[in-house]
Structures are given as C-alpha cells and as structure tokens.
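Trainee: One structure, as structure tokens, below. Some questions next.
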Amino acid sequence: MELRQLEYFVAVAHERSFTLAARRLHVVQSAVSAAIAALERDLKVTLFERNAQRVVLTEAGTALLPEALAVMDAVQGARDVVDELGAGLRGSVRVGLLPGLGLIDLPAAAAEFRRRYPNVELQLRVNAEGSAGIMVALRNGDIDIGFLGVPQGSVPRELTTWELLRVPQVLAVPVGHRLARRRSVRVADLADEEFVDFPPGFGTRTLIDQTFEAAGIERQVVVEALGIENGVQFLAQGVGLGILPEYAVSGLDAVRVVPIVDETFQWSLYMATLRKRKPTAALRALLGLVSTHLKQPPGTSLGAEMHQQD
C-alpha cells in the first residue's frame, strides 16, 4: 500500500468520480484508475461500485475512508511541523456551515484567517440538510470540521466536539395570535397549532419533534425555513408559531415572545471533527479564531468546553 494510492482513494471518495478526482489531483484519469485497482488488489476487496452514472463507496471502502483520512492527516501533521519552521502553515481546511448561522461573525473570522495564514486554502460550505448533513459530511471526509446545532448529549461518540454556546429557546407568536397576550405557556397549550420550523435533519427540529411526541402531541409544521432569519420572516407575516432563540425575535413589532415554562428547548452550538482524524495545525488555528469571533446574544451562555480547547 502506497501513500499515493490512499491519496487517490480519498480524492475519488470525495468527488464520487474518477474524472473529477483526476482533475483535482492534476493527473490523468488512467493513473487514478490504476492506483485504485492496485489498492483493491492489495487489500483483496472492492472499494467502489462503478457504473455509468455514479461511483459509490462499498462497505469496505466506507470502512477504509476514515483510516485513510487519518493517514493523510498524519502526513499533513509532519508537513505542518516543517512549514511552521519555514514558510508558515499550508494546506486546506473545509468547513461545514449551518444555513443562517448568525452566532459567529464568520466573514470577519474568515478574513482574519486568510490574513494570518495566506497559504492555507479555506473553504466554507453551507449544508442545507442541517446538523445531520454536517455529520454525514464529516463521516464521508467531505469536510474537515463542521458546526452543529444540537442538544447536549446527542453528538455521536465518533465525533470530537468543542461546545461554543448554549442557546435556550422561547415561543415566538405573531401579534394577532390568541397566545400573543399570554405571559407564559406549557407545551400542552400548543396542541393543534401550526408551526414554522426547519427541515428534518436540523438538530433543533429533531429536539422539538421529540419533545412534542413525548407529550403525545402531533405537531403540524406548515413552513420549513432555511435558517433562523428566514423563519422569522414567516412568523412576522402570521404564517405560524415558532420555537426560536429569544435574541432572534425580541424587539420585533410583529412578533411576541412567550416563555415556555415546562421546557427550555435548549441546544448547543458545537464545532466538530471526526474523532479518528487528528486536527492539523491549520485546523487548530481556525478553532482558536472562531472562539474570538463568537457573538453572545442575551439569553445565551458560553459552552462548558469553550475555554478548555484551542
């Protein structure tokens, strides 16, 4: 087994295409095909299912991918040691983002990162499938690090996480709604209401659905918004109720904030990596920068692990 073979394997796994992998690696496609074939012979397994429409990892390929990524990270770590003594950090960092993530000043963080580390390629990718999509992308090696908005204790053990913020939520009610004058509500008071929420796969959607299900309430979601700001726009027009962070809806003339007394619907904002992958120097540098560009709106609190990681 050669390092070049693993590099080609990872590229094909990421691109889902031998042609695109060859383009990414700046080699001819036949070289990629030959390297993968040699690796399959060496391991005595088939790593990819190939047909005219797609290239898909087999079970063996899926098992090999995190190990191959770990090897590539180790090689990058060796390069980092040399680079830090010479021309500075190099490499790339691919970041998975949640739609409408407003708790971090990402433009400022990205600009500062590029100024400090001009030889590191920083790629920011929004995942429309929410935290569930970010987790899949981490497992597949499509990203190096991702943001998750999920309840505490719900992160799979295969991930290493840094908790940045804890965010409780409130009921957001259009001003003309019958609950707008209430000082507080209970979950049971929300039966038969229509809601604006995020699509399935978003951590907060899962949390809210599970809470209502446990209470024996079938919840009707009439709008699936992409991002908090988009959801607030539907709320302001009276389309439905929402369970959102208080900072996102307080002070709006068209929306009333009503506390939910028997449930906080609290979630945490995490940065996460695949546990088997050792963070590169560039990735560690990004982690440190993100922590300095956090926004902490009223009602949120710093995560417990915030000051324990860099």
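Trainee: I'd like to verify a number: residues in region 25-49 that are assigned to a helix (DSSP H, G or I) and over 18 Å from L65 (Cα atoms), how many?
Mentor: Residues meeting the conditions: 4.
Yes/no per residue for (1) within 22 Å of G153 (Cα to Cα); (2) in contact with a strand residue (DSSP E or B) (Cβ under 7 Å, 6 or more places away or on another chain):
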{"position": "E218", "(1), (2)": "no, no"}
{"position": "G231", "(1), (2)": "no, yes"}
{"position": "Q237", "(1), (2)": "no, no"}
{"position": "Y247", "(1), (2)": "no, no"}
{"position": "L252", "(1), (2)": "no, no"}
{"position": "A272", "(1), (2)": "yes, yes"}
{"position": "K276", "(1), (2)": "yes, no"}
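Trainee: Still on this structure, I have one more. Which condition does V258 not pass, out of (1) touching a residue at least 60 places away in the same chain (Cβ under 8 Å); (2) on the phi > 0 side of the Ramachandran plot, if it passes all the others?
Mentor: Among (1) touching a residue at least 60 places away in the same chain (Cβ under 8 Å); (2) on the phi > 0 side of the Ramachandran plot, the lone unmet condition for V258 is (2).
Trainee: Something else about it: Under 6 Å between Cβ atoms, which residue pairs at least 6 apart in sequence (or on different chains) link something in region 289-306 that is over 21 Å from V93 (Cα atoms) with a partner that is at pLDDT 80 or above and among the hydrophobic types (A, V, I, L, M, F, W, C)?
Mentor: Every condition considered, the pairs that remain are K295/L103; T300/L165; T300/V167; G303/L164; G303/L165; E305/W162.
Trainee: Anything in region 50-64 that is among the small types (G, A, S), closer than 23 Å to R277 by Cβ and either open to solvent by less than 30 Å² (accessible area, probe 1.4 Å) or assigned to a loop (DSSP other than H, G, I, E, B) (or both)? List them, or say none. Break it down stepwise before answering.
Mentor: Within region 50-64, the subset among the small types (G, A, S) is 52, 60-61, 63.
Now narrow it down to the ones that are closer than 23 Å to R277 by Cβ: 60-61, 63.
G61, the sole residue that qualifies.
Trainee: Now, a different point. Are any residues in region 19-55 among the β-branched types (V, I, T) and modelled with pLDDT of 90 or more, and if so, which ones? Spell out the reasoning first.
Mentor: Keep residues of region 19-55 that are among the β-branched types (V, I, T), which gives 19, 27-28, 32, 36, 45-46, 55.
Correct list: V27, V28, V32, I36, V45, T46.
Trainee: While we're here: So which residues in region 262-298 are polar (S, T, N, Q) and open to solvent by 10 Å² or more (accessible area, probe 1.4 Å), if there are any at all?
Mentor: First pass over region 262-298, keeping only residues polar (S, T, N, Q): 264, 266, 268, 273, 280, 291-292, 296.
T264, Q266, T280, S291, T292, Q296, listed by residue number.
Trainee: Out of G251, G288, G231, G238, I need the residue that is of a type outside the set (K, R), more than 22 Å from G130 (Cα to Cα) and in a helix (DSSP H, G or I). Which one? Before you say what the answer is, go through the steps one by one.
Mentor: Details: G251 fails: in a helix (DSSP H, G or I); G231 fails: more than 22 Å from G130 (Cα to Cα); G238 fails: in a helix (DSSP H, G or I).
Exactly one of G251, G288, G231, G238 is of a type outside the set (K, R), more than 22 Å from G130 (Cα to Cα) and in a helix (DSSP H, G or I), namely G288.
Trainee: Collect the residues in region 123-166 that are in contact (Cβ under 8 Å) with a residue 40 or more places away in the chain, open to solvent by 30 Å² or more (accessible area, probe 1.4 Å) and in a helix (DSSP H, G or I), keeping them in residue-number order.
Mentor: Of everything in region 123-166, those that are in contact (Cβ under 8 Å) with a residue 40 or more places away in the chain, open to solvent by 30 Å² or more (accessible area, probe 1.4 Å) and in a helix (DSSP H, G or I) turn out to be A132, R139, N140.
Trainee: Still on this structure: Can you name every residue in region 258-285 that is outside any loop (DSSP other than H, G, I, E, B), in contact with a helix residue (DSSP H, G or I) (Cβ under 6 Å, 6 or more places away or on another chain) and at pLDDT 85 or above? Spell out the reasoning first.
Mentor: We begin by selecting, within region 258-285, every residue outside any loop (DSSP other than H, G, I, E, B); these are 258, 260, 267-274, 281-285.
Filter once more, keeping what is in contact with a helix residue (DSSP H, G or I) (Cβ under 6 Å, 6 or more places away or on another chain): 267, 274, 281.
Answer for region 258-285, where residues must be outside any loop (DSSP other than H, G, I, E, B), in contact with a helix residue (DSSP H, G or I) (Cβ under 6 Å, 6 or more places away or on another chain) and at pLDDT 85 or above: W267, L274.
Trainee: Next question, about the same structure. Would you pick out the residues in region 167-196 that are surrounded by 13 or more Cβ atoms within 10 Å (Cβ to Cβ) and among the basic types (K, R)?
Mentor: Answer for region 167-196, where residues must be surrounded by 13 or more Cβ atoms within 10 Å (Cβ to Cβ) and among the basic types (K, R): just R182.
Trainee: Just the residues that are over 24 Å from L138 (Cα atoms) and surrounded by fewer than 19 Cβ atoms within 10 Å (Cβ to Cβ), please, taken from region 3-39.
Mentor: Residues of region 3-39 over 24 Å from L138 (Cα atoms): 26-31, 33-35, 37-38.
Result: H26, V27, V28, Q29, S30, A31, S33, A34, A37, A38.
The values are calculated or read from the model by the stated rules, or taken from the named source; none is laboratory data. Computed from a prediction, not measured in an experiment: that's the story for all the values here. Note that each Cβ is placed from the backbone with ideal geometry, even for glycine, and that neighbours are counted across all protein chains shown. The protein model used for the area step is the full one, side chains on, heavy atoms only, and it has no ligands, DNA or RNA in it. Shrake-Rupley method; radii C 1.70, N 1.55, O 1.52, S 1.80 Å.
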